[in-house]
């Protein structure tokens, strides 16, 4: 019956939508719980430093190498397009604005979600599966404040620094291709970039984006790990969900923030 | 002798399935009591109820005079500082060394200087014979060693009540004997009270003071180890002597095998 099939389809879409909304709500509630139990993380900041090392420092290689390549590609593509208009001297502006406004925060957040977010989820999920979180609770120590909050803040603090390093490395990549390889004038490359990039509207907005992405990725990663079914399959599924949900959240948040930033927040 | 644990008319279930029915149980101070039964009979659930990880549906669970059904999170955590728990596979924190695992609770709950914590930690490790592995990580230990380190960690703050969840599971005969003797000795030396959940009959009967047998969610027998060994109750006899035939069927309930295989009679 076509009507039955249609109704079943609508019902399935409704069910799925409700589940997604419920999941988003649970993640936000978990974020609230994490923030409420973050005092230990700041009282014993060594716990956060340790997580900054695992999430941030150990992500440096992939961030720096990716930034270099993205910048090189931007230099090549930018030069190719701009020379049609006789504006190849502006390639530095194109590279810098693309990186600082968009690609730096977004691509580094996507890489961070894949590299560090999935690792956080897997680690917390495995701690749950091997009863380490239960053991902690039985010792009267809250796993949220001792395990989740330091990882959350480690991610939040790491993300903007990684995004800035990604952008800086990308600009170096763009310079290498445009100036060293193709031969664009280096004075024009740097001076036009300096004139066009605004500290408040470009750099600060980029940092704001990366902080928001850091919060989103860290909240999703810790939530998925904490809620993972305590089995190998459960942890594997949670890791996948972290990467998928984080990526979608980054892109959606980027769209919203970009719209506000271009229009102004008022 | 006063009771440290008192359970009366306890009912507990997951969703519609009742796991524990009308349980009445007491654990006198200073004693070592075993809860035995087949896998899935509800004994670990009972231990989790005593540890406050689960709340009873009906009835009362009192530990050290406090009713756990209505206890606040703060009071529960305060109570848990007086408890120790050994999990089935140790549940050691895999990101901490053996030394840090044992020192964990002292650092979390006391303001002792590090030099005192060091002495206490080494004494606890010495008590389980593993002072020499203090710098190893949990992944470098055998199953028996991990269980002994977990035992040192569970007794780190000299708890009044120690809960053991299947401490003998998966151990070789020598490790099994060592763990059994350690459980008895620690109970006596610390003046603690212990509840041991296990299905290892022979090892447990050597060390415990009293035994409760649980089957299908009810206590079907209880007594001292000698009374249990001499019991003529069919269930206890089958369980203690490991007989294949008895009140516990070999086959899980199912329809006739002819139906499953598609065979017709005649």
Measure nothing but the geometry: give the 0 to 90° angle between the long axis through the Cα atoms of B:173-190 and the longest principal axis through the Cα atoms of chain B, rounded to 10°. 60 degrees
Virtual spin-label span in nm between residue B:259 and residue B:137, 7 Å along Cα→Cβ: 5.3 nm
What nm distance separates the two modelled labels at residue A:260 and residue B:202, each placed 7 Å from Cα along Cα→Cβ? 6.9 nm
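What is the fewest-to-most order of A:57, A:73 by other Cβ atoms lying within 10 Å of their Cβ? Provide the component values of the computation, followed by the final result.
On the way: A:57 12, A:73 15.
So the ranking, lowest neighbour count to highest, is A:57, A:73.
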For the stretch A:10-263, how big is Rg over Rh, using alpha carbon atoms and the Kirkwood form of Rh? 1.06
Could you sort the peptides B:9-20, A:157-168, A:12-23 by per-residue average Cβ neighbour count (10 Å cutoff), highest mean leading? A:157-168, B:9-20, A:12-23
Can you tell me how the stretch B:1-126 classifies by the Cα gyration tensor, rounded, prolate or oblate, using a/c under 1.5 as the rounded cut? prolate
Mind listing the Cα extents of the protein assembly as shown along all three principal axes, in Å, largest one first? 101, 76, 44
Give the shape of the stretch B:213-253 as rounded, prolate or oblate, defined through the alpha-carbon gyration tensor: a ≥ b ≥ c are the square roots of its eigenvalues, a/c under 1.5 means rounded, and otherwise the shape is prolate if a/b is larger than b/c and oblate if not. oblate
For the protein assembly as shown, give the share of DSSP beta bridges that are antiparallel, in percent and rounded to the nearest 5; count only bridges with both residues there. 55 percent
How would you rank A:249-257, B:99-107, highest first, on the average number of other Cβ atoms within 10 Å across their residues? B:99-107, A:249-257
Counting only the backbone N, which residues of the stretch A:117-160 are under 20 Å from the spot 7 Å out from the Cα of residue A:43 toward its beta-carbon? A:136-154
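Sorted by mean Cβ packing within 10 Å, highest first, what order do the peptides A:96-102, B:173-179 take?
On the way: A:96-102: 22.1, B:173-179: 15.7.
Highest mean packing first, the order is A:96-102, B:173-179.
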Which part of the stretch A:220-235 falls in the paramagnetic zone of residue A:129, meaning amide N under 14 Å from the point 7 Å along Cα-to-beta-carbon? A:225-235
Length gain on complete extension for the stretch residue B:229 to residue B:64, per 0.36 nm per residue less the alpha carbon to alpha carbon distance? 56.3 nm
Gyration tensor (alpha-carbon) shape descriptor, the stretch B:1-69, a/c threshold 1.5: oblate
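Let me have the 222 nm mean residue ellipticity of chain B computed from DSSP H runs of 4+ only, each contributing -39500 (n - 2.57), with the sum over all residues rounded to the nearest 500. Can you show the working numbers first?
Numbers: 10 runs with 97 residues, N = 266.
Rounded to the nearest 500, it is -10500 deg cm²/dmol.
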Return the FRET efficiency for the residue pair residue A:18, residue B:16: r is the Cβ-Cβ distance, R0 is 22 Å, and the value is rounded to the nearest 0.05. 0.40
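Subtracting the Cα-Cα distance from 0.36 nm times the residue separation, let me have the gained length for residue A:36 to residue A:58 in nm, one decimal. Don't skip to the answer; put the middle values down first.
Numbers: separation 22, 0.36 × 22 = 7.92 nm, distance 2.78 nm.
Between residue A:36 and residue A:58, full extension yields 5.1 nm more.
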At 7 Å along the Cα-to-beta-carbon direction for both residue A:29 and residue B:55, put a label point, then send me their distance in nm to one decimal. 1.4 nm
For A:139-148, mean number of other protein chain Cβ atoms within 10 Å: 4
Beta bridges per DSSP with both ends in the stretch B:3-261, % antiparallel, nearest 5: 55 percent
List the extent of the Cα atoms of the stretch A:103-235 along each of their three principal axes, largest first, rounded to whole Å. 65, 29, 17
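Rule-based calculations on the coordinates, nothing more; no lab input. Owing to the predicted nature of the structure, the values given are computational and were not obtained by experimental measurement. No Cβ is skipped: glycine too gets one built from the backbone with ideal geometry, and neighbour counts run over all protein chains shown.
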